[in-house]
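One structure is given here, and the rest of the page talks about it.
The values are calculated or read from the model by the stated rules, or taken from the named source; none is laboratory data. Just so it is clear, the structure is predicted and the values come from calculations on it, not from any experiment. Heads up, the Cβs are rebuilt from the backbone with ideal geometry, glycines too, and the neighbour counts pull from every protein chain shown.
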Amino acid sequence: MLLVENCFHWIGFHITRHLLEKGYSIDGVDDLETEKKEHLSLFVGRHNAFRHYQTMSELSEQHYNVIIRIQDHRLRLGGGRSVTVKLPFIFGEWMPIVNNSESDSRQENMPFDLDAYLRGAVYIDDLVQCLGQWIEASQLPAVMEVRSADGPHLEGGQLENYVYVRNNRPVLENAEKVKRHYQRYQSFY
């Protein structure tokens, strides 16, 4: 049994969906404070291996093999261990789209044309596949830093703490997929 906090945060949603597809039983905690979170809950809420709780206080005393907490630019894996996973720029369907211009089209503000983005971004589905492996691993360092395999590799330091994630498709191809998703479901963003 796994616990996912912030399970309808856009990253938490992808984690929850992936783990359910892999056969895990999930307790998810999120307060459904936004219409977007409510929409995302409909994708997994009826799965027979998923139970939703509005708050942590609703949970009964239960032992979880792994607890996954989604925080700003980090995942925390708890349960029998404590691991902090520092994330690079993650992109994917349902990511927040920031509108910081006078343009009516929020799609134009997606950073898919920036060189640094193209070198360092990791697509969410590639990240959650790695997360499945980390959950099953018997030993992990206390801190892991995720990087894109397409980005610059670090030299020196504690290299055993770096995890390089390979994008299974070119970043631009995945970026176009996210843009099409945004165009199709724009009213839910």
*Tell me which residues, restricted to segment 150-179, are under 26 Å from Leu40 (Cα atoms) and either loosely packed, with under 11 Cβ neighbours inside 10 Å or among the β-branched types (Val, Ile, Thr) (or both).*
Val165, Val171, Val178
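Any residue in segment 127-143 that is surrounded by 12 or more Cβ atoms within 10 Å (Cβ to Cβ), modelled with pLDDT under 90 and within 18 Å of the chain's Cα centre (by Cα)? Let's see the steps before the verdict.
As a first pass, look at segment 127-143 and keep what is surrounded by 12 or more Cβ atoms within 10 Å (Cβ to Cβ): 127-132, 134-135, 140-141, 143.
Adding the requirement that they be modelled with pLDDT under 90 leaves none.
Within segment 127-143, none of the residues are surrounded by 12 or more Cβ atoms within 10 Å (Cβ to Cβ), modelled with pLDDT under 90 and within 18 Å of the chain's Cα centre (by Cα).
Would it be correct to say that Leu77 is surrounded by 14 or more Cβ atoms within 10 Å (Cβ to Cβ), under 21 Å from Trp94 (Cβ atoms) and touching a residue at least 24 places away in the same chain (Cβ under 8 Å)?
Details: surrounded by 14 or more Cβ atoms within 10 Å (Cβ to Cβ): yes; under 21 Å from Trp94 (Cβ atoms): no; touching a residue at least 24 places away in the same chain (Cβ under 8 Å): yes.
No: the conditions fail for Leu77.
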*State which residue pairs qualify: first residue in contact (Cβ under 8 Å) with a residue 12 or more places away in the chain and more than 13 Å from Val66 (Cβ to Cβ) and inside segment 22-36, second residue of a type in the set (A, V, I, L, M, F, W, C) and surrounded by fewer than 18 Cβ atoms within 10 Å (Cβ to Cβ) in any location, beta carbons under 7 Å apart, and separation of 6 or more residues or different chains.*
Val29/Met56; Lys36/Phe188
*Considering only segment 17-41, state which residues are crowded, with 18+ Cβ neighbours inside 10 Å and either of a type in the set (D, E, K, R) or closer than 16 Å to Gly79 by Cβ (or both).*
Arg17, Leu19, Tyr24, Ile26, Asp27, Gly28, Val29, Asp30, Lys36, Lys37
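What number of residues within segment 42-70 satisfy the criterion of being polar (S, T, N, Q), in contact (Cβ under 8 Å) with a residue 60 or more places away in the chain and either part of a strand (DSSP E or B) or exposed (fewer than 12 other Cβ atoms within 10 Å of the Cβ) (or both)?
Taking segment 42-70 first, the residues polar (S, T, N, Q) are 48, 54-55, 57, 60, 62, 65.
Among the residues that remain, those that are also in contact (Cβ under 8 Å) with a residue 60 or more places away in the chain are: 62, 65.
Retained after the next criterion (residues that are either part of a strand (DSSP E or B) or exposed (fewer than 12 other Cβ atoms within 10 Å of the Cβ) (or both)): 62.
Counting residues in segment 42-70 that are polar (S, T, N, Q), in contact (Cβ under 8 Å) with a residue 60 or more places away in the chain and either part of a strand (DSSP E or B) or exposed (fewer than 12 other Cβ atoms within 10 Å of the Cβ) (or both) gives 1.
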*Look at Phe13 and say whether it is farther than 29 Å from Glu145 by Cβ, at pLDDT 95 or above and of a type in the set (Phe, Trp, Tyr).*
no
